[in-house]
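Right, one structure below, let's go through it.
The values are calculated or read from the model by the stated rules, or taken from the named source; none is laboratory data. Just so we're clear, the structure is a prediction, and the values are computed from it rather than from any experiment. Cβ placement follows ideal geometry from the backbone for every residue including glycine, while neighbour counts extend to all protein chains displayed. We work out accessible area using only protein heavy atoms, side chains counted, and drop any ligands, DNA or RNA first. Shrake-Rupley method; radii C 1.70, N 1.55, O 1.52, S 1.80 Å.
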Amino acid sequence: MSPVTTTAALPPEPARRLRRWHVWLVVWRIHHWLGLAFAALLILLSATGSLLVIHHELERALEPHLHVADTPPGTNPPALADLARQTAPLAPPGYRLFRLFPASTAQDTHRIVFRAPAAPDRWDVFIEPATGRVLWSGPEANRFTPWLLGLHMQLHAGRAGYYVTGICGLALLLLACTGLYLHRGRLATLWRHPFRLHLGWRTACADLHKWLGVALLYFPVVLGLTGALYCLSILTSATPAAPTKPFSPTGLAPLEPMLASAREKFPDAEILRIQFPNAALGAVTVLLLHRDAPVWRKFSRVDFDSATGALRSIRPAATAPAADQFRSMLGPLHFGF
């Protein structure tokens, strides 16, 4: 009886092995040149992104006169709508009331943001909640966090900068995918001998590079993809046309009842900001953040009539359309909240 030969035990044909080797070389060259081309920019984006994660702590350390209230809260603090009306003349002509970030603790300050009519420029006003005293008023770009965010998102180069950082996000995603492909058959060895110091510093650095790439694979994939999608959404978003009758804070209804109603509707969430309408008779939106919710259910919205304060609509994060839930995931995934 002749012996039975099994083809599964035989090595691949030389042509097949050669094709695999050519594919590996192509992927390696892509990985190599992407790393060389985007190394400096990725280092910059990584450094600025790491600082932005702790921007609240940095702000209180670098700008305590803006973020830390000196006077403890009293029993009858100034109304938020009155503060919005009183600070409107501080902004340059044509700027409209845009957002209000109410103090979240007794030691925090209010921040009111005004926006230019046809540009992304913003004007910040910091207010002491207990007295209504204006602590600082000026262009948002002059502050640390907005300057750092501008450097991180568009390199202070405007629209062209978003193209560069968006492409860099895709490059980071490709680096992760190509690196995983290159080492797909040797992942187990990275854990057994992660750093071969006895073979010299170059080999040890190469081992560290491979180990970090595998151990932290989540970050280049998620940050690269969400960063590119962020840039794409900004580049494709159209600037809203100036309304014939813009919104004015003169007839703004009291904001405290709106905040109380929003907290009542979502007691497990925290107030993130108040968004003012672009046109007159529009809705005031209270945005709430669910910190412990799944990443696609982070933001709920409650709309109120800007003139009367009457409840208009409730938009829970859990029942938002799939497209809205997908867009709302970008911020929590990319910025880490």
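Quick one: how many residues across segment 17-61 are among the hydroxyl-bearing types (Ser, Thr, Tyr) and assigned to a loop (DSSP other than H, G, I, E, B)?
Final tally of qualifying residues: 0.
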Task: Matching option when the condition is under 30 Å from ARG184 (Cα atoms), within 22 Å of the chain's Cα centre (by Cα) and modelled with pLDDT of 90 or more, among ALA40, ALA103, ALA61 - done: ALA40
TODO: Identify, by number, the condition in (1) within 26 Å of HIS56 (Cα to Cα); (2) surrounded by 16 or more Cβ atoms within 10 Å (Cβ to Cβ); (3) in contact with a helix residue (DSSP H, G or I) (Cβ under 6 Å, 6 or more places away or on another chain) that LEU252 doesn't meet.
DONE: (1)
Open item on the list: Testing TYR163 on (1) touching a helix residue (DSSP H, G or I) at 6+ places or on another chain (Cβ under 9 Å); (2) open to solvent by 30 Å² or more (accessible area, probe 1.4 Å); (3) part of a loop (DSSP other than H, G, I, E, B), one condition comes back false. Which one is that?
Closed with: (3)
Task: Single residue of ALA280, ALA323 found to be surrounded by fewer than 18 Cβ atoms within 10 Å (Cβ to Cβ) and free of Cβ contacts under 8 Å to residues at least 12 places away in the same chain - done: ALA323
Task: Residues (under 26 Å from LEU281 (Cβ atoms), touching a residue at least 40 places away in the same chain (Cβ under 8 Å) and open to solvent by 50 Å² or more (accessible area, probe 1.4 Å)) located in segment 61-100 - done: ASP82, ARG85, GLN86, LEU90
- [ ] Could you please give the count of residues in segment 51-60 that are closer than 17 Å to TYR230 by Cβ and open to solvent by 50 Å² or more (accessible area, probe 1.4 Å)?
- [x] 1
Open item on the list: Contact list please: Cβ distance under 7 Å, first residue in segment 115-131 and of a type in the set (Lys, Arg), second residue part of a loop (DSSP other than H, G, I, E, B), pairs at least six apart or on different chains.
Closed with: ARG115/TYR95
TODO: State which residue pairs qualify: first residue surrounded by 16 or more Cβ atoms within 10 Å (Cβ to Cβ) and inside segment 255-266, second residue in a helix (DSSP H, G or I) and of a type in the set (Val, Ile, Thr) in any location, beta carbons under 6 Å apart, and separation of 6 or more residues or different chains.
DONE: none
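Conditions tested, residue by residue: (1) touching a Phe, Trp or Tyr at 6+ places or on another chain (Cβ under 8 Å); (2) within 23 Å of HIS110 (Cα to Cα); (3) in a loop (DSSP other than H, G, I, E, B).
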{"residue": "GLY309", "(1), (2), (3)": "no, yes, yes"}
{"residue": "ILE314", "(1), (2), (3)": "no, no, no"}
{"residue": "ALA323", "(1), (2), (3)": "no, no, no"}
{"residue": "SER328", "(1), (2), (3)": "yes, no, no"}
Open item on the list: Quick check on ALA103: is it within 30 Å of SER50 (Cα to Cα) and in a helix (DSSP H, G or I)?
Closed with: no
